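Student: Structure in structure tokens, see below.
The values are calculated or read from the model by the stated rules, or taken from the named source; none is laboratory data. Just so it is clear, the structure is predicted and the values come from calculations on it, not from any experiment. Glycine also receives a Cβ, built like all others from the backbone with ideal geometry; neighbour counts cover every protein chain displayed. The area values use the complete protein model at the heavy-atom level, side chains included, leaving out ligands, DNA and RNA. Shrake-Rupley method; radii C 1.70, N 1.55, O 1.52, S 1.80 Å.
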Amino acid sequence: MGKDMTPPQGITSLLDTDLYKLTMQCAVLKYFPDVHVTYGYTNRTPQMKLYRGAYKWLLEQMDKLAVIRVTAEEREFLRQKCPYLNDEYLAFLETFHLKPSEHIKIKFVPEQDTGSDDDQGNVEYIIDGLWLDTILYEIPLLALTSQAYFMFSDKEWDYENQEEKAYKKGCTLLQNGCVFSEFGSRRRRDYHTQDLVMKGLCRAAEEGKKQGWPGVMAGTSNVHFAMKYNKAAVGTVAHEWYMTIAAITDDYQNANELALSYWLGCFGEGVLGIALTDTFGTPAFLDAFKKPISAPNQKDKITPSTITYAQSYAGVRQDSGDPTLFVKMVREFYDSQGITDAKTVVFSDSLDIEHCLEYKEIAEKAGFKPTFGVGTFFTNDFINKSTGQKSKPLNIVIKIATANGSPAVKLSDNMGKNMGDFAKVQEVKKKLGYVEHTWEEGDESHRWTKQA
């Protein structure tokens, strides 16, 4: 890193995570408190190595995670700004804390083992424990791993103009009528970068109000920064909700419906109403989406009705595959169901300004209200000072691997994002009649090379 830089900060708040981790933990507490899971880590850019020194730094950060607690002020913020989080869950958070020494196995696999801090290799994580206890590790571990890489491996960068760059990006989106949120926690360069980005985007939002620009900064997925900057915390649910329920039941034909039903059972209709469609392929999801709402069990907030999930939910999120094909597919679906009210489509897959504007036009022409969750383009957009080239972000993920001993899989709308036990993936594809899709922009190992 360049000289005179603000000292790097790791994770100091359990709210320094994406909202959907908290909403899912709330639902897990209600319905699945005894489910045991494992998570696996994947580096889709394995050529980007860590130094042993980075691994040692990560070990230190694991220890620090154990001492963090949700403060009274943070719980009050959640009570006021996230009222869908029930009292039972807020009471649970009073005593909840992470136990990384019990739940996380981390090791360093060097290419050549000399014992030196300069040895290069890959880090491996296995997270093991109750779903309720381990669900909050994903975002902090990804953020810390990304930070470790840019502290020890790619060090030729500094924070110069990061706030201004975010401001200009925000202004462009607002001027062009985009409704967007900041989604950059998991692959951020570090905490300070995300803080600068939020400052720039909030400044752009204020300028947009003054100028009467048609766009809106809707908020941020990061609950800590939502609290710090008085913005809405944005998000609903992640793939792991569908993946885990499917693994527990081994009922992949009905997994989407079960996941939707439990979700409404916890939060009620009209709340957190953006559905994630692509865990097992969007066609399979839409088959469930058109069914009447059913109640999961006696703990739920809903009663069965003739209203369908598609009618109840405010819209859907596109997170893999070709957005043009997705919009066409979902438009045809809503039309076939006689649903004429304007639904929202949230785009969240590897966005930059160009893609936001392109997808906005496509979605609006199809009669949707588009919104955008912009992540890595905001929080990890740097130039390497030595080469003058883009400093490429890591493409890393942590996903559910097993639930109660059964393998968990994810198919998505792009085969490059398929994940899980190979035999189980093939079995589920056959059960669901899943059709393989590729997309020219969907190469996971080169996701960010085109962005400057």
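Student: Can you tell me the length gained on complete extension of the stretch Ala91 to Glu156, counting 0.36 nm per residue apart and subtracting the Cα distance? Before the final figure, lay out the partial values.
Tutor: Working: separation 65, 0.36 × 65 = 23.40 nm, distance 4.49 nm.
Net length gain for the segment: 18.9 nm.
Student: A further question on this structure: Residues with amide H under 5 Å of His36's amide H, sequence separation 5 or more or different chain, H placed in the peptide plane at 1.01 Å from N; which?
Tutor: Result for His36 returns Trp131, Asn404.
Student: Please provide three numbers in whole Å: the alpha-carbon extents of segment 69-139 along the principal axes, with the largest listed first.
Tutor: Each principal axis gives a Cα extent; for segment 69-139 these are 53, 22, 18 Å.
Student: Say each of Glu60 and Thr249 gets a label point 7 Å from the Cα, pointing the same way as Cα to Cβ; how far apart are those two points in nm?
Tutor: Rounded to a tenth, the inter-label distance reads 4.7 nm.
Student: Quick check: residue separation of Gln80 and Thr387 times 0.36 nm, minus the Cα distance between them. What number comes out in nm?
Tutor: Stretched fully, the Gln80-Thr387 segment lengthens by 105.8 nm.
Student: Among Ala259, Ser153, Met227, flag the residue with its Cα farthest along the positive direction of the charge dipole of the chain, charges on Cβ as +1 for Lys/Arg and -1 for Asp/Glu.
Tutor: In the chain, that residue is Met227.
Student: In whole percent, how big is the carbon plus sulfur part of the accessible area of segment 1-89, probe 1.4 Å, protein atoms only? Mind dumping the intermediate values first?
Tutor: Working: 1960 of 3900 Å².
Looking at segment 1-89 in its full context, I get 50 percent from C and S.
Student: Rounded if a/c is under 1.5, else prolate if a/b beats b/c, else oblate: with a ≥ b ≥ c from the C-alpha gyration tensor eigenvalues square-rooted, which is segment 347-420?
Tutor: Verdict is oblate for segment 347-420.
Student: How many nm is it between the label spots at Lys290 and Val35, if each spot is 7 Å from the Cα in line with the beta carbon?
Tutor: Simple spin-label model gives 2.7 nm for this pair.
Student: Oh, and also: In debye to the nearest 20, how big a dipole does segment 148-214 give about its Cα centre with +1 on each Lys and Arg Cβ and -1 on each Asp and Glu Cβ?
Tutor: Values: 12 positive and 11 negative charges, 57 e Å.
Dipole size: approximately 280 debye.
Student: State the antiparallel share, in %, of DSSP beta bridges confined to the chain, rounding to the nearest 5. Display every interim value, and only then the final one.
Tutor: Working: 28 of 47 bridges.
Of all bridge pairs located within the chain, approximately 60 percent are antiparallel.
Student: So what is the 222 nm mean residue ellipticity for the chain from helices alone, if each DSSP H run of at least 4 adds -39500 (n - 2.57) and you divide by all residues, rounding to the nearest 500 deg cm²/dmol? Spell out each step's value before the answer.
Tutor: Working: 18 runs with 188 residues, N = 452.
Counting only the DSSP helices, I get -12500 deg cm²/dmol.
Student: Something else: Tell me, what is the Rg over Rh of segment 26-109, with Rh the Kirkwood radius over Cα pairs? Walk me through the intermediate numbers first.
Tutor: On the way: Rg = 16.9 Å, Rh = 15.9 Å.
We get a ratio of 1.07 for segment 26-109.
Student: Something else: Ordered by residue, what ³J(HN,Hα) values in Hz, to whole numbers, does segment 165-171 give under the Karplus form 6.51 cos²θ - 1.76 cosθ + 1.60, where θ = phi - 60° and Gly and Pro are x?
Tutor: My calculation for segment 165-171 gives 4, 5, 4, 5, 4, x, 4 Hz in order.
Student: Summing +1 for each Lys or Arg and -1 for each Asp or Glu, what net charge is found among the other residues whose Cβ lies under 15 Å from the Cβ of Leu78? Working shown, then result.
Tutor: Values: positive: Lys21, Arg69, Arg75, Arg79, Lys81, Lys228, Lys231; negative: Asp16, Asp18, Glu73, Glu74, Glu76, Asp87, Glu88, Glu94.
Result for the neighbourhood of Leu78: -1.
Student: Return the carbon/sulfur percentage of the accessible area of segment 304-429, one whole number, probe 1.4 Å, all protein chains in place. Intermediate values should be presented prior to the final figure.
Tutor: On the way: 2520 of 4740 Å².
Carbon plus sulfur share of accessible area: 53 percent.
Student: Continuing with this model, one more query. Enumerate the amide H contacts of Val179 below 5 Å, restricted to partners 5 or more residues apart or on another chain; note that Pro and chain-start residues carry no placed amide H.
Tutor: Counting only residues 5 or more places away or on other chains, the set is Val216, Phe372.
Student: Give the long-range amide H neighbours of Arg44: residues separated by 5 or more places, or on another chain, with amide H under 5 Å away, using H modelled in the peptide plane at 1.01 Å from N.
Tutor: The list, which skips near neighbours in sequence, is Asn395, Ile396, Val397.
Student: Now for a different question. Quick one: Cα centre-to-centre distance for segment 6-68 and segment 180-209, in angstrom?
Tutor: Using only Cα atoms, the two centres lie 21 Å from each other.
Student: Roughly what would the spin-label model give for Leu130 and Ser305, points 7 Å off Cα along C-beta, in nm?
Tutor: 3.3 nm
Student: Follow-up. Using θ = phi - 60° and the Karplus curve 6.51 cos²θ - 1.76 cosθ + 1.60, what whole-Hz ³J(HN,Hα) does each residue of segment 235-241 get, with Gly and Pro shown as x?
Tutor: Values per residue, Gly and Pro as x: x, 9, 9, 10, 4, 4, 4 Hz.
Student: Which percent of Cα-Cα pairs in segment 120-208 sits in each 5 Å bin, short to long?
Tutor: Taking all Cα pairs of segment 120-208, the binned fractions are 3, 12, 18, 18, 15, 13, 10, 7, 4, 0 percent.
Student: Next question, about the same structure. Tell me, what is the per residue accessible area of the chain in Å², probe radius 1.4 Å? Walk me through the numbers on the way to the answer.
Tutor: Numbers: 18010 Å² over 452 residues.
About 40 Å² of surface per residue is accessible.
Student: Less than 20 Å from a label point 7 Å out along the Cα-to-Cβ axis of Val271: which backbone N atoms in segment 229-258 qualify, by residue?
Tutor: The answer is 232-238, 241-242, 258, whose backbone nitrogens lie closer than 20 Å to the label point.
Student: Further question: Taking every pair of distinct Cα atoms and averaging 1/r, then inverting, what Kirkwood hydrodynamic radius in Å comes out for segment 177-284? Walk me through the intermediate numbers first.
Tutor: On the way: mean 1/r = 0.0619 Å⁻¹.
Averaging 1/r across every pair of different Cα atoms and inverting gives 16.1 Å.
Student: Which whole-Hz ³J(HN,Hα) couplings does segment 249-254 yield from phi under the Karplus relation 6.51 cos²θ - 1.76 cosθ + 1.60, θ = phi - 60°, glycine and proline marked x?
Tutor: Ordered by residue, 3J(HN,Hα) equals 8, 6, 10, 6, 5, 10 Hz.
Student: For the charge dipole of segment 31-178, defined by +1 on Lys and Arg C-beta atoms and -1 on Asp and Glu C-beta atoms about the Cα centroid, which residue among Ser101, Phe77, Leu173 has the Cα displaced farthest towards the positive pole?
Tutor: Positive-most Cα among the choices belongs to Leu173.
Student: For a quick check of your reading of the filter: which trypsin sites (Lys or Arg not before Pro) in segment 46-101 sit in a DSSP loop and have no more than 16 other Cβ atoms within 10 Å? Mind showing how you got there, number by number?
Tutor: Working: sites: Lys49, Arg52, Lys56, Lys64, Arg69, Arg75, Arg79, Lys81; in loops: Lys49, Arg69.
Answer in residue order: Arg69.
Student: Roll a 1.4 angstrom probe over the protein heavy atoms and tell me the percent of accessible area of segment 140-230 that is carbon or sulfur.
Tutor: Values: 1390 of 3050 Å².
The C+S portion of the solvent-accessible surface of segment 140-230 is 46 percent.
Student: Based on the alpha-carbon gyration tensor of segment 43-186 and its eigenvalue square roots a ≥ b ≥ c, which shape applies: rounded if a/c is under 1.5, prolate if not and a/b is larger than b/c, or oblate?
Tutor: Working: a/c = 2.48, a/b = 1.16, b/c = 2.14.
Oblate, because a/c is 1.5 or more while a/b does not exceed b/c.
Student: Determine how large the accessible area of Leu130 is when every protein chain is in place; take a 1.4 Å probe and give Å² rounded to the nearest 10.
Tutor: 60 Å²
Student: Go through 147-154, 95-102, 393-400 and give me the packing order, highest mean Cβ count within 10 Å leading. Could the numbers behind the result be given before it?
Tutor: Working: 147-154: 21.0, 95-102: 14.1, 393-400: 22.5.
Ranking, from highest mean packing down: 393-400, 147-154, 95-102.
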